[in-house]
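The values are calculated or read from the model by the stated rules, or taken from the named source; none is laboratory data. Here the structure is a predicted model, which means the values were calculated and not measured. Cβ sites come from the backbone with ideal geometry, for glycine too, and all protein chains shown count toward neighbours.
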Amino acid sequence: MPELPDLTVVAEELARRVAGRTVLEASAPTAILVRATPAELGILAGLRLGEARRRGKFLLLPFERDGSVERILAANPMLAGRFWITSTRERVRARTGLRLKLDGGEDLRYVDREMLGKLYLTGPAKLDEIPGWPEMGPDADDPDLTLDAFRHRIRRHPGELKPLLRNPRFVAGIGNAYSDEILWEARLAPFRRRSSITDDDVARLYQAMRAVLGDATERLRALVPPEIQTQHREFLKVHLRGGEPCPRCGRELRQIGGREATTFCRGCQPPL
Ligand SMILES: [Zn+2]
């Protein structure tokens, strides 16, 4: 599942490579992923792509005319959605939810093997109509999310730490993989309850969140371009490494759950 670091780097690469290019034709080869009619998609022809950015787990792609934004594509790739820049001549694969033919002989496509992603095409003032958007908390890397602000917000959210980090109403952009990495870095067990942790623990959690996401974003900037459709997770320290030794204490990492697995170390993330 693409998370904050993945989508940040994809947005940066899209801004570098497709911003300023004109959409020649927009279509939805697999129609069910994009929340827009063919007529609404048709409006995109002739518009220019603006600078992509990320908000939470959404990738935002503006479409402009004479410098003003007319439409925004808000894409939440969920488990497996990927953007892909490729030659217009490349075969259109199954499960292509959106195809934008651009000037210069390339396409920007959205492909989703799980078909769980959600693509919204909306007006620039209407992002609040997207389910979950108005309630979204600050991005986990938002400069305004200081330690004090984080302390203030966390008081309102009881429950276990892993679901807390993944809750976009608390902080936006963190999913299953990076929540494991952050909790390991902070030496906090995923099942600890927020009400059981100290002020020092909260500070360590905040610092771990910033460090893990910042470090991953830097690594991905070097690894991802130009192949933005490929997700890199090989540098993660614990997520999905159950059975391997903990990189900090050497104890065997525990892993529970299947596809939405949680990996942690019982040595340096004690239950209490
Ligand atoms: Zn350990």
* Report yes if residue 263 is modelled with pLDDT of 95 or more and away from the ligand (no atom under 16 Å from the Cβ), otherwise no. => no
* Asked: Does residue 126 qualify as being at pLDDT 95 or above, among the basic types (Lys, Arg) and closer than 22 Å to residue 40 by Cα?
  -> yes
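Evaluate the following for residue 191: is it in contact with a Pro (Cβ under 8 Å, 6 or more places away or on another chain) and closer than 30 Å to residue 258 by Cβ?
yes
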* Based on what the data block shows, is residue 210 more than 16 Å from the ligand (Cβ to nearest atom), more than 30 Å from residue 106 (Cβ to Cβ) and either touching a residue at least 60 places away in the same chain (Cβ under 8 Å) or in a helix (DSSP H, G or I) (or both)? -> yes
* Only one of (1) within 20 Å of the chain's Cα centre (by Cα); (2) away from the ligand (no atom under 16 Å from the Cβ); (3) assigned to a loop (DSSP other than H, G, I, E, B) fails for residue 258. Which number is that? -> (1)
* Asked: Which one is surrounded by the most Cβ atoms within 10 Å (Cβ to Cβ), of the residues in the range 147-169 that are among the charged types (D, E, K, R) and assigned to a helix (DSSP H, G or I)?
  -> 162
* Structure fact -> Only one of 238, 224, 212 is of a type in the set (A, V, I, L, M, F, W, C), crowded, with 17+ Cβ neighbours inside 10 Å and modelled with pLDDT under 95, namely 224
* To do: Count, please, the residues in the range 215-252 that happen to be more than 16 Å from residue 178 (Cβ to Cβ), within 13 Å of the ligand (Cβ to nearest atom) and either among the aliphatic types (A, V, I, L, M) or in a helix (DSSP H, G or I) (or both).
  => 0
